[in-house]
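Reviewing the structure listed below.
The values are calculated or read from the model by the stated rules, or taken from the named source; none is laboratory data. If you're wondering where the values come from, they're calculated on a predicted model, not measured in any experiment. Positions of Cβ are backbone-derived with ideal geometry, glycine not excepted, and every protein chain shown enters the neighbour counts.
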Amino acid sequence: MTQVRELARRSVLRTMRQPAMIVPATLFPLILLAINSAGLDSATELPGFPTDSYLTFALAFAFMQGGVFAVIGTGQNLAEDTQSGFFNRLQLTPIRASALVAGQLAGTLALGTFQATTYITVGLAAGGHVEAGIPGAVVLIALATVITLAFGSIGLIAGMRASSPENVQGLFPVIFVFLFMSSMAMPRNLIENDWFRTIATYNPVSYMIEGLRSLLITGWDAEALALGFGCALAILAVALTVASRSLAERMART
Amino acid sequence: MKEGSASRAAGFAANGIEVQGLAREFKGGVRAVDGIDLRVSPGEIYGFLGPNGAGKSTTVLMLTTLLPSTAGSARVAGYDVATQGALVRDAIGAALQEAALDPQLTAWEHIRLQGALHGMSKAERTKRGEELIERVGLTEAAGRKVGGYSGGMKRRLDLALALLHGPRLLFLDEPTTGLDIQSRAALWDEVAHLSRDEGVTVFLTTQYLEEADQLADRIGIIDRGKIVAEGTPAKLKAEVGRPTVEVTPADPAERERTAEQLAGFGELVPGTPNGAAVRLADGAEELADIVRAFDNAGVRIANLELHAASLNDVFLAKTGRSLEGAQAEAAAEGDTGEHPVGAGASA
């Protein structure tokens, strides 16, 4: 437990002391939110669009973008540790792979919580709305945090396989494409293009966004929340298992 | 007599290093370390000298359990590195190539993290940490982020961290590479103190002849994965014995004539690009004869230097290359064949 606590402390300190990791990861989704809600507001006039506020509709995507930054940030941190030799320093202590995984994700968790709180605060200040009320906002932050952890675990896998922190950056466009091929910009039932709708239906990102969006627009939608949490937790479980195994192999000291 | 021998063996098991036929082959068949044997006695400073890519760091990675060997065996502090890795790691401290520190953390935060990972109590790591931070001269800077430290300060913190849990053996992989003369001297003093006053066994890799010569009780010279010579600096130099004379002619065009003149006094050896060098057949007393020979031949001398046998001569005698030449060769080849420290256990 002490190992996890101290590694988590280091991970949080390391993240919080690097404004370059926090500011773009927090501001970029907000800028995109401002642009989208200003430019695409007329989409709310489409028959069947679930809300008359595109800002409220688009707010959910800001949380998902936070997840993308979690992949990059967590992956880069681990790749930096490997490249600098800090990973070897850790390996020379009686550290367990599980402690290292938990420790590395602590910074991601702290940043994710900060981002989620910022997005909801800014979103509400700009005229957005949380249909599920204050408890809904709390659940929204909780779901966003699980999503961030799930993406952060993917980042751990990327960080272990990358030969340098710069290589992890290469994942950014790939993950962004994955995000855009979802119900990010339009509800699935309003996507007219068949192939796009099919991809969006099979893309778990859609269900995570819809889970977040349900709290903002619909109120308490058990199915949307179950699918949102379910997808996020499933990705978290798989990614965490793969990351822990890879890390244990990577730490195959004699 | 038997008791003494048993006690020496116990001490050896506790603090020594024994290596037999240790080898590491990487993908593509590169044998970075090719069946080395060595023995480091308790409390000794063992200098592992060789050019870049010779196999020094790979050896350290294997002895510190970070990289499995592909052949041979090694016991560190009495434990088998292949099967008792956790016990080895508990007994050793290591400062590997490049001070691997987190630039966002302060020295105190490094001490806290490292101590906690080693299972030290808060009181224990605070006491030991304060003692070590003071000893390596970082008291004033300890509250600052390491990102702002100089190379020497980072190295000293690295050393303090390696010593935090009170290891019996210390591995230092090129600890002074890139440091200025003052920082290098300070680190040498500290390493000497550890061995002399605290009985810590030190395994030190270096590519600096002077470092190995001044600091090490015994030296192993490694080249292309094999140990080519081993012994005390004095013994190794005595083996090579004879001094060399290097002459640089005033007119660079007379380099060949310079070599011709010197050839009469012994075996020609590689010298500077503008001059020629000879290992004297009969010792330094021939110096006057050499000056006379050049005078008689009408070759004007710009510079004449007499070199007592050095570790470079030992390297030259054992490998046919100077250490500098071997470094240049390794640089030209680019890929040294050695495993990068940062990628420790992945290979």
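For this structure, a couple of remarks:
- One residue from B:A343, B:A326, B:A288, B:A302 being at pLDDT 75 or above, out of contact with any Phe, Trp or Tyr (no Cβ under 7 Å at 6 or more places or on another chain) and in a helix (DSSP H, G or I): B:A288
- Filter pass, B:Q97 being within 12 Å of another protein chain (Cβ to nearest Cβ), under 21 Å from the mean Cα position of the chain (by Cα) and either more than 30 Å from A:V4 (Cα to Cα) or not β-branched (V, I, T) (or both): yes
- Search result, residues across the range B:54-74 that are among the hydroxyl-bearing types (S, T, Y), touching a Ser or Thr at 6+ places or on another chain (Cβ under 9 Å) and more than 10 Å from every other protein chain (Cβ to nearest Cβ): B:S57, B:T59
- Selection within the range B:75-90 - touching a Leu at 6+ places or on another chain (Cβ under 9 Å), within 11 Å of chain A (Cβ to nearest Cβ) and of a type in the set (A, V, I, L, M, F, W, C): B:V76, B:V81, B:V88
- Residue in the range B:125-142 that is surrounded by fewer than 22 Cβ atoms within 10 Å (Cβ to Cβ), over 24 Å from B:R196 (Cα atoms) and in contact with a Pro (Cβ under 9 Å, 6 or more places away or on another chain) present: no
- Condition broken by B:T176, with the remaining ones in (1) touching a strand residue (DSSP E or B) at 6+ places or on another chain (Cβ under 6 Å); (2) away from chain A (no Cβ under 14 Å) satisfied: (1)
- Scan of the range A:195-210 for residues that are out of contact with any Lys or Arg (no Cβ under 9 Å at 6 or more places or on another chain) and farther than 17 Å from A:A70 by Cβ, ordered by number: A:W195, A:F196, A:T198, A:I199, A:Y202, A:N203, A:Y207
- Residue check for A:F87: at pLDDT below 90, under 26 Å from A:L143 (Cα atoms) and within 26 Å of the chain's Cα centre (by Cα): no
- Filter result for B:K122 (of a type in the set (K, R) and either crowded, with 24+ Cβ neighbours inside 10 Å or closer than 30 Å to B:N312 by Cα (or both)): no
- For the range B:121-148, a residue qualifies if it is in contact with a Lys or Arg (Cβ under 7 Å, 6 or more places away or on another chain) and closer than 26 Å to A:R96 by Cα, and the qualifying residues are B:R125, B:V146.
- Across the range B:157-179, the qualifying residues are those that are part of a helix (DSSP H, G or I) and in contact with a Phe, Trp or Tyr (Cβ under 9 Å, 6 or more places away or on another chain), and the one among them that is modelled with the lowest pLDDT is B:A162.
- Residues of the range A:43-71 that are over 8 Å from the mean Cα position of the chain (by Cα), under 27 Å from A:G112 (Cα atoms) and of a type in the set (F, W, Y): A:Y54, A:F57, A:F61.
- Members of the range B:14-40 found to be among the β-branched types (V, I, T) and either closer than 21 Å to B:V202 by Cβ or crowded, with 19+ Cβ neighbours inside 10 Å (or both), listed by number: B:I17, B:V19, B:V33, B:I36, B:V40
- Lone unmet requirement of (1) in contact with a strand residue (DSSP E or B) (Cβ under 6 Å, 6 or more places away or on another chain); (2) assigned to a helix (DSSP H, G or I); (3) of a type outside the set (F, W, Y); (4) modelled with pLDDT under 90 for B:A54: (2)
- Scanning the range B:127-152 for residues that are out of contact with any helix residue (DSSP H, G or I) (no Cβ under 8 Å at 6 or more places or on another chain) and more than 14 Å from chain A (Cβ to nearest Cβ) yields B:K127, B:E130, B:E131, B:E134, B:E140.
- For the residues A:A20, A:A62, the requirement of being of a type in the set (A, V, I, L, M) and under 30 Å from B:A100 (Cα atoms) singles out A:A20.
Condition check ((1) among the β-branched types (V, I, T); (2) facing another protein chain (nearest Cβ under 10 Å); (3) in contact with a strand residue (DSSP E or B) (Cβ under 6 Å, 6 or more places away or on another chain); (4) surrounded by fewer than 16 Cβ atoms within 10 Å (Cβ to Cβ)) across all residues:
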residue: A:E6; (1), (2), (3), (4): no, yes, no, no
residue: A:P24; (1), (2), (3), (4): no, no, no, yes
residue: A:A34; (1), (2), (3), (4): no, no, no, yes
residue: A:L40; (1), (2), (3), (4): no, no, no, yes
residue: A:E45; (1), (2), (3), (4): no, no, no, yes
residue: A:D52; (1), (2), (3), (4): no, no, no, yes
residue: A:G67; (1), (2), (3), (4): no, no, no, no
residue: A:I72; (1), (2), (3), (4): yes, no, no, no
residue: A:A99; (1), (2), (3), (4): no, yes, no, no
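- With a requirement of 1 or more residues that are under 16 Å from the mean Cα position of the chain (by Cα) and farther than 17 Å from A:G112 by Cβ, the helices (runs of 4 or more DSSP H) lying completely within the range A:140-254 that satisfy it span A:165-169, A:171-180, A:204-213, A:222-250.
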